[in-house]
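Okay, structure first, notes after.
The values are calculated or read from the model by the stated rules, or taken from the named source; none is laboratory data. Every value quoted in this text rests on a predicted model; they were computed, and no experiment measured them. Here the Cβ positions follow ideal geometry from the backbone for every residue, glycine too, while neighbour counts run over all protein chains shown.
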Amino acid sequence: MKEITIQQSLGEFLRATRERLTPEEVGLPSHGRRRTPGLRREEVAQLANVGVSWYTSIEQGKDVHPSHQVLESLAAALRLSDDERRYLFLLSKSDEIEESEIYKEISTGLERTVFALEPNPAYIMNKYWDVLLWNRAAEFLFRFPLYSENLNPKPNILYQFLTDPFKREINSEWEEKAKIMIARFRADCARYPQDARLNKMIEKFKEESELFRLWWPRYEVKTVTDCHKSWNDPKIGELEFEHVNFQLSNYPDLKLMIYTASPSTKEKLKQRIYSCSANE
């Protein structure tokens, strides 16, 4: 597998965002039909008030280090969203980000917290989007296997959603949801550009998911935000949640994901979880 440098990732991101824009969107004349999509490099350089050769060097992945001011100008010229702007700055500083300590053991207190959130689904995932710990409600809702500390490998949120036929069957907007997940995964990956396992995972996703293979090169970026979620479960009907996520200060590579159920959803989950427990 060819290793992609930080500079190459930055260049590919700039090229992808450049190609998504039209001259009309940035107030430039189009001058008729174009051979390639989007803006030209010289147009981006003009909008950002930087030299064409300097911008070209950045986009070609050469060993150059744009200043904060240049990055701000490029973000404005390319009409980057807040998420994309954050991703741009993460890429430019990735060589300065030290690999955080990996905590192999989740504390007893954190483990009890996840289980105590029943019947609200909750789980903890790492930087690879592997689910390390989950409660019964999450097990039911997301079709995770029966929780065991010794289960290996752990379920992976993105891989499961992309490859499990059941996920596609029960999600009427599966493709759009998958695209959003891929964009969020990319945003997280910016912190670990040289992580060998992460890069192997990306190659695996490309091989096993056509959607991932087509969508990953677009460099769409989104961050995970608190939001309302609803869907129809084939076993118990309509469900509603408020989704919140927490970055754990003592575990920098882990996130706690909580789906707080509406009163009616909570009752449905209680009945389902307790009935399953009684039958075990």
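Residues being at pLDDT 90 or above and surrounded by 18 or more Cβ atoms within 10 Å (Cβ to Cβ): count how many of those fall in region 238-254. Steps first, answer last, please.
We begin by selecting, within region 238-254, every residue at pLDDT 90 or above; these are 238-246, 254.
Applying the additional criterion that residues be surrounded by 18 or more Cβ atoms within 10 Å (Cβ to Cβ) yields 239, 241, 254.
Here the count works out to 3.
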Assuming V221 fulfils every condition listed in (1) touching a Phe, Trp or Tyr at 6+ places or on another chain (Cβ under 9 Å); (2) farther than 16 Å from F13 by Cβ; (3) of a type in the set (V, I, T) apart from one, which condition is it? (2)
Look through region 137-168, keep the residues that are small (G, A, S) and either outside any loop (DSSP other than H, G, I, E, B) or outside the structural domain of R218 (by TED's automatic domain parsing) (or both), and return whichever of them is nearest to P119 (Cα to Cα). A137
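On the given criteria, is V50 aliphatic (A, V, I, L, M), more than 19 Å from T5 (Cα to Cα), part of a loop (DSSP other than H, G, I, E, B) and more than 24 Å from the chain's Cα centre (by Cα)? First the steps, then the outcome.
On the way: aliphatic (A, V, I, L, M): yes; more than 19 Å from T5 (Cα to Cα): yes; part of a loop (DSSP other than H, G, I, E, B): yes; more than 24 Å from the chain's Cα centre (by Cα): yes.
Criteria met by V50.
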With the requirement that a residue be crowded, with 17+ Cβ neighbours inside 10 Å and among the hydroxyl-bearing types (S, T, Y), what does region 187-227 give you? Y192, S209, Y219
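So in region 56-81, with the set limited to residues that are free of Cβ contacts under 8 Å to residues at least 24 places away in the same chain and assigned to a helix (DSSP H, G or I), which one is nearest to E220 (Cα to Cα)? Steps first, please.
Taking region 56-81 as the starting set, the residues that turn out to be free of Cβ contacts under 8 Å to residues at least 24 places away in the same chain are 56-57, 67-72, 75.
Narrowing further to those that are assigned to a helix (DSSP H, G or I): 56-57, 68-72, 75.
Details: T56: 21, S57: 22, H68: 22, Q69: 23, V70: 21, L71: 18, E72: 19, A75: 14 Å.
Within region 56-81, the match that is nearest to E220 (Cα to Cα) is A75.
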Residue list for region 106-134, filter: within 18 Å of the chain's Cα centre (by Cα) and among the basic types (K, R): K127
Candidates G61, G32, filtered to the one that is farther than 17 Å from G11 by Cα and either buried (at least 16 other Cβ atoms within 10 Å of the Cβ) or at pLDDT below 90 (or both): G32
From (1) touching a Phe, Trp or Tyr at 6+ places or on another chain (Cβ under 7 Å); (2) part of a loop (DSSP other than H, G, I, E, B); (3) under 20 Å from S262 (Cβ atoms), pick out the condition that doesn't hold for Y123. (2)
In region 155-192, what residues are polar (S, T, N, Q) and more than 28 Å from K93 (Cα to Cα)? Q160, T163, N171, S172
Restricting the search to region 120-134, which residues are in contact (Cβ under 8 Å) with a residue 24 or more places away in the chain and more than 14 Å from L198 (Cβ to Cβ)? N120, P121, A122, Y123, I124, V131, L132, L133
Quick one: count up the residues across region 17-31 that are part of a helix (DSSP H, G or I) and either free of Cβ contacts under 8 Å to residues at least 12 places away in the same chain or of a type outside the set (K, R) (or both). 6
For residues that are in contact with a Pro (Cβ under 7 Å, 6 or more places away or on another chain) and closer than 21 Å to D188 by Cα, tally how many sit in region 213-272. 1
From the list W134, W129, W174, pick out the single residue that is in the same structural domain as H243 (by TED's automatic domain parsing), in contact with a Phe, Trp or Tyr (Cβ under 9 Å, 6 or more places away or on another chain) and surrounded by fewer than 16 Cβ atoms within 10 Å (Cβ to Cβ). W174
Those residues of region 211-232 which are under 19 Å from W129 (Cα atoms) and either in the same structural domain as S81 (by TED's automatic domain parsing) or in contact with a helix residue (DSSP H, G or I) (Cβ under 7 Å, 6 or more places away or on another chain) (or both), in sequence order: L211, F212, R213, W215, W216, Y219, E220, V221, K222, T223, V224
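In contact with a Pro (Cβ under 6 Å, 6 or more places away or on another chain) and at pLDDT 85 or above, is that true of E12?
Answer is no for this residue.
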